[in-house]
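S.K.: Handing you this structure, nothing more for now.
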Amino acid sequence: MALSDAPLLRALTGPRPEHAPVWFMRQAGRSLPEYRELRVGTRMLDACLTPDLAAEITLQPVRRHGVDAAVFFSDIVIPLRLAGVDVEIEPGRGPVFANPVRTAADVDRITAIDPLSLDGTAIAAAVGIVTAELGDTPLIGFAGAPFTLAAYLVEGGPSKEHLRARAMMHSDPDSWNRLAGWLAQVSRRFLEIQRDAGASVVQLFDSWAGSLSTADYRAFVAPHSHVALEGIGVPSIHFGVGTGPFLADMRLGGIADGVGVDWRLPLDEAAAILGPDVSVQGNIDPALLSAPWPVLEAHVRDVVERGRAARGHIVNLGHGVPPETDPDQLTRIVELVHSI
Ligand SMILES: O=C(O)CCc1c2[nH]c(c1CC(=O)O)Cc1[nH]c(c(CC(=O)O)c1CCC(=O)O)Cc1[nH]c(c(CC(=O)O)c1CCC(=O)O)Cc1[nH]c(c(CCC(=O)O)c1CC(=O)O)C2
């Protein structure tokens, strides 16, 4: 089978494959004992920038679960680290920035960094190792969407409602648009580095878009997410959590080939909102991963059934794999989806 016939590519660009492809956001990571073992003594972002380590971590879930895609082991803040921004991942908390971007002067300083100056050597090397081993299983490259990155960068770390970033949109729209525009260029560059090294699909993560009103999403965020994805040259998936009120906007005017849906909206209803020209991805509720298998099985069957209403369907979770997940549940989901 050539890569172009891979079920993931066909679910995005047709013809629809016989069985829905399946992969899991955060499939590589803390749910796997082999990941926890390999990561001992190495900080998260250092692991992402050590080619043979990032490659091995990427491949672990593919070997264990038999998923239909690998997702490059990285993080949404890696391109900022490559741009020289002082960021670390605090275990149990998330990305933490030494110098939050709060004022117009802060925005001037960070946007003076040239996004094209990102050194993608380590990333390209890791992608090369992965694609050599994967053969005709596609590798998904990814980046953070401008708003989700800004939600960390303006605040300085994880926050519940991203108040400072959302305030800046209204109190200083010029600074907001310069910052979001720069973040879009940085993420775009990171996607291009992964694409040029062999990733055959890309995904843009706007995990925190759900804290926005529809009006703010349209006015201050969507135009920048467009810049990150438009003309990327490989099939793309645009994912967000809590995007129900503006789900149709997640198509980015037809730029996205697939839209990732969270667990709140049944996929047949999502397909009706999105229309016939885009595929859907999701939307198993991560909470049910800790339910007894018969309960989870019935839920997965329902998700697959509802996904038939869309042009194409990639089975996934509605958000990333929770760290305490029993990996055997994920393997069982893959076996089930491949049998339906
Ligand atoms: O402590 C560790 O070992 C690293 C934890 C880890 C990080 N990125 C990671 C991993 C592997 C894993 O999830 O186990 C690795 C990671 N980060 C990301 C992905 C892409 C994907 O979900 O497939 C992946 C998995 C890549 C892969 O499977 O190969 C991208 C990412 N980083 C981040 C976000 C924002 C968000 O979480 O929604 C997102 C969007 C992904 C998503 O929505 O699941 C920011 C981030 N990075 C990180 C954290 C976790 C902090 C913590 O709870 O300890 C957080 C904050 C959070 O999860 O709330 C660090």
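Just so it is clear, none of the values below were taken in a lab; they were calculated from the coordinates. Model, not experiment: these values are computed from the prediction. A quick note on method: Cβ atoms are made from the backbone with ideal geometry, for glycine too, and the neighbour counts reach across all protein chains shown.
S.K.: Can you work out ³J(HN,Hα) from phi for every residue in segment 191-196, in order, using Karplus 6.51 cos²θ - 1.76 cosθ + 1.60 and θ = phi - 60°, giving whole Hz and x for Gly and Pro?
M.R.: 5, 5, 4, 5, 4, 5
S.K.: log₁₀ I(q)/I(0) of segment 10-144 at q = 0.13 Å⁻¹, via Debye over equal Cα point scatterers, no solvent, to two decimals?
M.R.: Log10 of I(q)/I(0), two decimals: -0.64.
S.K.: Restricting to DSSP loop positions (anything but H, G, I, E, B) with no more than 14 other Cβ atoms inside 10 Å of their own Cβ, which trypsin sites (Lys or Arg not before Pro) remain in segment 276-331?
M.R.: Arg308
S.K.: In the chain, what percentage of the DSSP-assigned beta bridges are antiparallel, given to the nearest 5?
M.R.: Bridges in the chain that DSSP calls antiparallel: roughly 15 percent.
S.K.: Expressed in nm², what is the orientationally averaged projection area of the convex hull enclosing the Cα positions of segment 1-58?
M.R.: 5.4 nm²
S.K.: As a check on your grasp of the helix formula, calculate [θ] at 222 nm for the chain: sum -39500 (n - 2.57) over DSSP H runs of n ≥ 4, divide by the residue count, round to the nearest 500.
M.R.: Calculated mean residue ellipticity at 222 nm is -13000 deg cm²/dmol.
S.K.: Right, another one. List every residue whose amide H lies under 5 Å from the amide H of Gln203, counting only residues 5 or more places away in sequence or on a different chain, with H placed 1.01 Å from N in the peptide plane.
M.R.: Hits under the 5 Å cutoff: Gly141, Phe142, Ala143, Ile237.
S.K.: Moving on. If you project the alpha carbons of the chain onto the principal axes, what extent comes out on each, in Å, largest first?
M.R.: Cα spread of the chain along its principal axes, largest to smallest: 56, 44, 37 Å.
S.K.: Give the span of segment 112-251's Cα atoms along each principal axis, as three whole-Å numbers ordered largest to smallest.
M.R.: 48, 34, 27
S.K.: Shifting gears a bit: Starting from the amide H of Val154, placed 1.01 Å from N in the peptide plane, find each other amide H under 5 Å away whose residue is 5 or more places distant or on another chain.
M.R.: Val101
S.K.: Once the other residues with Cβ under 9 Å from the Cβ of Gly156 are scored (Lys, Arg +1; Asp, Glu -1), what is the net sum?
M.R.: Once positives and negatives cancel, what remains is +1.
S.K.: At most 14 other Cβ atoms within 10 Å and a DSSP loop assignment: could you name the trypsin sites (Lys or Arg not before Pro) in segment 138-218 that fit?
M.R.: Within segment 138-218, the qualifying trypsin sites (Lys or Arg not before Pro) (loop, at most 14 other Cβ atoms within 10 Å) are Lys160.
S.K.: On a C-alpha basis, how far is the centre of segment 280-340 from the centre of segment 14-86 in Å? Whole number, if you could?
M.R.: If you average the Cα positions of each part, the centres end up 19 Å apart.
S.K.: Each residue of segment 268-284 in order: what ³J(HN,Hα) in whole Hz does its phi give by Karplus 6.51 cos²θ - 1.76 cosθ + 1.60, θ = phi - 60°, with x for Gly and Pro?
M.R.: 5, 5, 4, 4, 5, 6, 6, x, x, 9, 9, 8, 10, 10, x, 9, 4
S.K.: Considering amide H positions built from the backbone, and no H for Pro or chain starts, which residues 5 or more places from Ile314, or on another chain, come under 5 Å of its amide H?
M.R.: Val280, Gln281, Gly282
S.K.: For segment 263-340, which GluC sites (Glu not before Pro) pass both filters: DSSP loop (anything but H, G, I, E, B) and at most 11 other C-beta atoms within 10 Å?
M.R.: Those satisfying the criteria are Glu324.
S.K.: Here's something else I'd like to know. Pairwise over distinct Cα atoms, reciprocal of the mean inverse distance: report the Kirkwood radius of segment 152-213 in Å, one decimal place.
M.R.: With all distinct Cα pairs of segment 152-213 included, I get 13.3 Å.
S.K.: Given 20 °C and 1.002 mPa s, how large is the Stokes-Einstein diffusion coefficient of segment 106-182 in µm²/s, with Rh as the Kirkwood radius over Cα pairs?
M.R.: Rounded to a whole number, D works out at 144 µm²/s.
S.K.: For segment 216-325, just the Cα set please: Rg and Dmax, both in angstrom.
M.R.: 14.4, 44
S.K.: If you don't mind, another one. Ordered by residue, what ³J(HN,Hα) values in Hz, to whole numbers, does segment 230-244 give under the Karplus form 6.51 cos²θ - 1.76 cosθ + 1.60, where θ = phi - 60° and Gly and Pro are x?
M.R.: Computed from phi, the couplings for segment 230-244 are 4, x, 5, x, 10, x, 10, 10, 10, 10, x, 10, x, 8, x Hz.
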